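Before any comments, here is the structure.
The values are calculated or read from the model by the stated rules, or taken from the named source; none is laboratory data. Bear in mind the structure is a predicted one, so any value in this text is a computation, not a measurement. Here the Cβ positions follow ideal geometry from the backbone for every residue, glycine too, while neighbour counts run over all protein chains shown. Accessible surface areas use protein heavy atoms only, side chains included; no ligands, DNA or RNA. Shrake-Rupley method; radii C 1.70, N 1.55, O 1.52, S 1.80 Å.
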Amino acid sequence: MNLGLVALILLAVAIAAGFFRKTNVGLVAMLFALILGRYAGIKDGEILKGFNPNLFITLMGVTLLFSILNNNGTIEIMAKKIVGLAGKNNYLIPIAIYLIGLGLTTIGPGSIPILAIMPAFAIPIARAHGYNPLMLALIGCFGCFSGRMSTITPEGILTYDFLAKDGLEVVKAVTPLYVNQVISGLCLTVMAFIYYKGYKTVPVEGAEAEKLSFNKDQLVSLLGLLLMAVLVIGFKYNVGLVSFAISAALLCLHVAPEGKSIKGIPWGVLLMVSGVSTLMGLVIKTGGIKFLTAVLAAMMNSFTAPAVMGATAGIMSLFSSGLGVVFPTLLPTVASVAGAVGGVNPIELGSMVIVGGTITGVSPISTTGGLIMATLLAGSEGENKEQEMKLFVELCVWAAAALVLLIILALLGVYKLAL
């Protein structure tokens, strides 16, 4: 049997075993990574290359910082104060969250640092306003997805450079790529709003919340949060390292109990994301993704090419970085694929790579989904495995729904409208 196919089967079995046996998927994935590595003759060092230390540091650093802010009451009071400012205009909250994600991403930092902040920003606001926390976190992230193809974002610069090297006119690509990202993000936002019945939310009275005030420790914590945002967004510092540094300073100042704050890190989520990432490294190394891509490519013609290219990017992005893996792998191929198929605009195929490599990032195995899970479960101290698994599956469903949406819009020709 094809080794790549074996790897894909093991990945599916790991997720299924975790769900039905109520065991952390990451631990099962680590077991299968060792088995697959031995079976394929891959050395331990190569197996461990699938472990993503940057993702682990980001998740742990951000969740530690917000665990501190949660334990000393800063998050709760901040959310209540925002409720007080909103007054009776509760219906504007989802729109505002989407626009904040879109605007902050577009102006330069790109989606990665904003995505790291958005779930922790949106979730307490959702709880204070009576919205589903997962809904508002998703909407904020969809806003970030929408704005990432600005010409001044890191991913925008990388993308347009790849397209230029592929012989395409970058000037003609900017508008289609940006507009198609916005279309995708808006559609997903509407889907989330309708599915979670955001229109039925009962407005929260904010009069009493306005009377609340921050104590000294909470003000120091807010200053730390502001410093983190400035360093990450304004100076391009690594969000995980900055979060650790600020967390250390806050704990040295005793603004929150250290033990409780560390316990508030959702370690189960970190194990889950890291374990599956390690197994996924072997799936890629053994040719599992290439096997899956070849199967999809066999169905490609001038009509299906955009949908197949988008689906390929989306499937790859379920388990790997869009910016670090999907874009560099697929963008250099769009011109040659378009030429081989015939009757296809390579810019449209490039747009499909970007959209597909972005919107399935809500997968819990990807950075965005992992951050949503970590923030939602922060403070639970790993007490509810059933809730953890339910959220894992729900985010997997959203990633699959995003992939289906992409395919439908591509087949309907929606992504051609901006060309």
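Side notes on the structure shown:
- Checked against the criterion of being open to solvent by less than 10 Å² (accessible area, probe 1.4 Å) and touching a residue at least 60 places away in the same chain (Cβ under 8 Å), segment 284-297 contains one or more residues that satisfy it.
- Between LEU115, LEU134, the distinction of being modelled with pLDDT of 90 or more and crowded, with 19+ Cβ neighbours inside 10 Å belongs to LEU134 only.
- All positions within segment 235-265 that are without any contact (Cβ under 8 Å) to a residue 40 or more places away in the chain and either under 15 Å from PRO113 (Cα atoms) or in a helix (DSSP H, G or I) (or both): PHE235, TYR237, ALA245, ALA248, ALA249, CYS252, GLU258, GLY259
- Selection status of VAL404, under 24 Å from ASN54 (Cα atoms), part of a helix (DSSP H, G or I) and modelled with pLDDT of 90 or more: no
- Considering each residue of segment 206-222 in turn, none proves to be within 23 Å of CYS144 (Cβ to Cβ), open to solvent by 10 Å² or more (accessible area, probe 1.4 Å) and not aliphatic (A, V, I, L, M).
- Within segment 170-200, tally of residues that are without any contact (Cβ under 8 Å) to a residue 12 or more places away in the chain, farther than 30 Å from ILE95 by Cβ and out of contact with any helix residue (DSSP H, G or I) (no Cβ under 6 Å at 6 or more places or on another chain): 1
- Test result for THR201, open to solvent by less than 50 Å² (accessible area, probe 1.4 Å) and at pLDDT 90 or above: no
- Across segment 320-329, not a single residue is classified as open to solvent by 30 Å² or more (accessible area, probe 1.4 Å) and within 21 Å of ALA16 (Cα to Cα).
- Flag for GLY50 being of a type in the set (Gly, Ala, Ser), under 21 Å from SER277 (Cα atoms) and either open to solvent by less than 20 Å² (accessible area, probe 1.4 Å) or touching a His at 6+ places or on another chain (Cβ under 6 Å) (or both): yes
- Some residue of segment 154-166 being within 19 Å of ALA410 (Cβ to Cβ) and β-branched (Val, Ile, Thr): yes
- Residues satisfying the stated conditions in segment 150-186, i.e. of a type outside the set (Val, Ile, Thr) and under 20 Å from the mean Cα position of the chain (by Cα): SER150, PRO154, GLU155, GLY156, LEU158, LEU177, TYR178, ASN180, GLN181, SER184, GLY185, LEU186
- Against the numbered list (1) more than 18 Å from LEU376 (Cα to Cα); (2) in contact with a Phe, Trp or Tyr (Cβ under 8 Å, 6 or more places away or on another chain); (3) at pLDDT below 85, ALA120 comes up short only at (1).
- Among the candidates LEU69, LEU59, residue that is under 28 Å from ASP217 (Cβ atoms), more than 18 Å from the chain's Cα centre (by Cα) and either open to solvent by less than 60 Å² (accessible area, probe 1.4 Å) or of a type in the set (Gly, Ala, Ser) (or both): LEU69
- Residue within segment 263-275 that is within 23 Å of LEU3 (Cβ to Cβ) and out of contact with any Gly (no Cβ under 9 Å at 6 or more places or on another chain) present: no
- Any hit, segment 148-169, residues being touching a residue at least 40 places away in the same chain (Cβ under 8 Å), in contact with a helix residue (DSSP H, G or I) (Cβ under 6 Å, 6 or more places away or on another chain), buried (at least 24 other Cβ atoms within 10 Å of the Cβ) and not in a helix (DSSP H, G or I): yes
- Residues that are of a type outside the set (S, T, N, Q) and at pLDDT below 90, drawn from segment 33-57: LYS49, GLY50, PHE51, PRO53, LEU55, PHE56, ILE57
- Residue in segment 58-78 that is at pLDDT 90 or above and outside any helix (DSSP H, G or I) present: yes
- Residue match in segment 298-307 (condition: more than 30 Å from THR375 (Cβ to Cβ), without any contact (Cβ under 8 Å) to a residue 12 or more places away in the chain and surrounded by fewer than 22 Cβ atoms within 10 Å (Cβ to Cβ)): yes
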